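Reading through the structure tokens given below for one structure.
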Amino acid sequence: MAEGLGNVRVGNTRHALKDRKDDLYETPSVAVETLLRCETLPLRIWEPAAGRRAIASILESAGHEVFCTDLVRRDAEGVLEGIDFLMEQQAFMGLECIVTNPPFKLADEFIRHGLRLCPKVIMLLRWAYAEGAGRSDIIDGHLSRVWLGKERLPMMHRDGWEGNKESVSGQPFAWFVFEREPETPGQFTVRRMSWREQR
């Protein structure tokens with residue numbers, strides 16, 4: 001996966017945007033389990049790029065209430081489909097946090113818009129996301145914590161990909177925690193953790 005509107009890197013190959021279609025790369029369960037181990041999450045969570053509920057199902061198993069939406073219709077049970085997150089004007093009643101693995105080409109927009117709707121936004125992103133002058137407003141103004149994996153996550157393959165499948169990601173990933181009103185704007189902590197540890 002990669003940011004931007006051009007090609008995306010998966011392992012050591014690139015897939016054109018036209019091939020990626022709606023950018024569905026299901027989140028590995030270990031990523032969500034690690035987030036639950038590291039970060040205190042509120043009861044009610046919004047997953048706005050829910051896909052087939054890879055994130056939501058694990059959060060629900062841990063006792064959270066997850067409101068799932070997605071732009072793309074996949075007939076996924078429990079997902080309100082056809083909802084463009086970037087067009088929503090307010091969070092649904094009682095939702096306190098957004099947790100998602102966003103379409104990488106729209107990560108900046110998802111974070112900026114998400115912070116207008118909820119006080120906390122947590123995104124699974126490449127570690128390289130911390131770079132970039134064009135997103136300084138996000139990083140310097142709202143990033144509170146980064147949970148960086150010591151190891152590589154299992155590879156997130158494009159939905160429907162039938163080619164060779166790498167076992168681990170070619171890029172380091174991390175959970176980025178953004179807050180509308182962070183305690184120390186302009187300063188964020190980076191904490192290393194293991195994707196392999198058990199709760």
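The table that follows gives values for the structure above.
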{"quantity": "Pairs where the first residue, in segment 104-116, is touching a residue at least 60 places away in the same chain (Cβ under 8 Å) and the second is in a helix (DSSP H, G or I), C-beta under 7 Å, 6+ apart", "calculated": "Ala107/Tyr129; Asp108/Arg135; Asp108/Ile138; Phe110/Phe85; Ile111/Ile138; Leu115/His142"}
{"quantity": "Any hit, segment 165-174, residues being buried (at least 18 other Cβ atoms within 10 Å of the Cβ), modelled with pLDDT of 90 or more and under 17 Å from Pro102 (Cα atoms)", "calculated": "yes"}
{"quantity": "Subset of segment 175-193 that is part of a loop (DSSP other than H, G, I, E, B) and among the charged types (D, E, K, R) - its residue that is surrounded by the fewest Cβ atoms within 10 Å (Cβ to Cβ)", "calculated": "Glu183"}
{"quantity": "Enumeration of residues in segment 94-141 that are surrounded by fewer than 18 Cβ atoms within 10 Å (Cβ to Cβ), among the hydrophobic types (A, V, I, L, M, F, W, C) and closer than 28 Å to Glu33 by Cβ", "calculated": "Leu106, Trp127, Ala128, Ala130"}
{"quantity": "Restricting segment 6-53 to residues that are of a type in the set (Asp, Glu) and either at pLDDT 95 or above or more than 20 Å from Gly78 (Cβ to Cβ) (or both), the residue that is surrounded by the most Cβ atoms within 10 Å (Cβ to Cβ)", "calculated": "Glu47"}
{"quantity": "Residue that is surrounded by the most Cβ atoms within 10 Å (Cβ to Cβ), among those in segment 71-82 that are in contact with a Lys or Arg (Cβ under 9 Å, 6 or more places away or on another chain) and in a strand (DSSP E or B)", "calculated": "Val79"}
{"quantity": "Flag if Ala50 is within 15 Å of Met123 (Cα to Cα), in contact with a strand residue (DSSP E or B) (Cβ under 7 Å, 6 or more places away or on another chain) and part of a loop (DSSP other than H, G, I, E, B)", "calculated": "yes"}
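Yes/no per residue for (1) part of a helix (DSSP H, G or I); (2) modelled with pLDDT of 95 or more; (3) not charged (D, E, K, R):
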| site | (1), (2), (3) |
| --- | --- |
| Ala107 | yes, yes, yes |
| His113 | yes, yes, yes |
| Arg116 | yes, yes, no |
| Val121 | no, yes, yes |
| Tyr129 | yes, yes, yes |
| Ile138 | yes, yes, yes |
| Gly141 | yes, yes, yes |
| Trp147 | no, yes, yes |
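The values are calculated or read from the model by the stated rules, or taken from the named source; none is laboratory data. All of these numbers come straight from a predicted model, not from anything done at the bench. Because the Cβ atoms are built from the backbone with ideal geometry, glycine has one as well, and the counts that use them run over all protein chains shown.
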